[in-house]
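Trainee: I am attaching a structure below and will ask some questions about it afterwards.
What follows is calculated from the coordinates using simple rules that are stated; it is not laboratory data. Keep in mind the model is a prediction, meaning the values are calculated, not measured. Every residue, glycine among them, receives a Cβ derived from its backbone with ideal geometry; neighbour counts consider all protein chains shown.
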Amino acid sequence: MFKKIAAFGAHPDDIEIGCFGTVNNFAEKGATVELFIATGDVKRSKESLTAFSYFHKNIKINFLDYKNNKVPYDSKIIQDIDARLNILSPDLIITHWVGDNQQDHQNLSKSVITACRKRDNIWMMEPPIGRPPISGIFKPSVYVDITDQIEKKDLAIRCHKTQIKRLDITKDYNPWIERDKLHGLGIKTKAAEAFEIVKQTVRF
């Protein structure tokens, strides 16, 4: 099982939507987890910190201080990510799907994957619902049971009050949670998060 995990999200709600249950599960089982959020103004960063209260207490959050819609794909951010990963030395890295057509998601994903060229295990989060891809189709091959995390995940996502309308969330409905429940059907559990593998290494 993975002992050190790094997860990258372009915006303050991305990790909550894409891999909250997965990272929280790993943390509860003793893994070291660090979250890296590329952008976020004062208000949205505060929302993240509120949402963070639903994560395991030993999960560390880091803000990379890039501007919204201006996350680059260049040597500077790649070197920045590489340096941070060298400190943590994670055995699992989670990032956005590289085919996502939101430019911050796509550029962060490419930057993380480039920085991870010598690392063993890289997963990509499922892209937002209904978003046409830049290229290819998201092909999930890893499903993580998040049955025990689904209520906390719902609450964490709802902490992003400035995004509730954009995320199509109502008092009684959260489409992101419904998507997880649909994935759960495939593995005979109540809810699951889906990932596409960039690289997976087995060592003995």
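Trainee: May I ask for the equivalent-ellipsoid semi-axes of segment 1-159, computed as the square root of five times each C-alpha gyration tensor eigenvalue and listed largest first in whole Å?
Mentor: 21, 18, 17
Trainee: What are the extents of the Cα atoms of segment 130-176 along their three principal axes, listed from largest to smallest and rounded to whole Å?
Mentor: 34, 26, 15
Trainee: What spacing in nm lies between the two simple spin-label points modelled at Y73 and V42, each 7 Å away from Cα in the Cβ direction?
Mentor: Distance between the two pseudo-spin positions: 3.4 nm.
Trainee: Please state the charge dipole magnitude for segment 44-196, taken about the Cα centre, from unit charges on C-beta atoms (+1 on K and R, -1 on D and E), reported in debye and rounded to the nearest 20.
Mentor: Here segment 44-196 has a charge dipole of around 360 debye.
Trainee: Label points 7 Å out from Cα along the Cβ direction at N58 and T170: separation in nm?
Mentor: Computed distance between label sites N58 and T170 equals 4.1 nm.
Trainee: Let me ask you something else. Give the lysines whose C-alpha is closer than 19 Å to that of K118, dropping any in the same chain fewer than 8 places away, or say none.
Mentor: Hits, sequence-local ones excluded: K3, K4, K76, K110, K199.
Trainee: How do the peptides 3-12, 101-110 rank, highest first, by the average count of neighbouring beta carbon atoms within 10 Å per residue?
Mentor: So the order, starting with the most tightly packed, is 3-12, 101-110.
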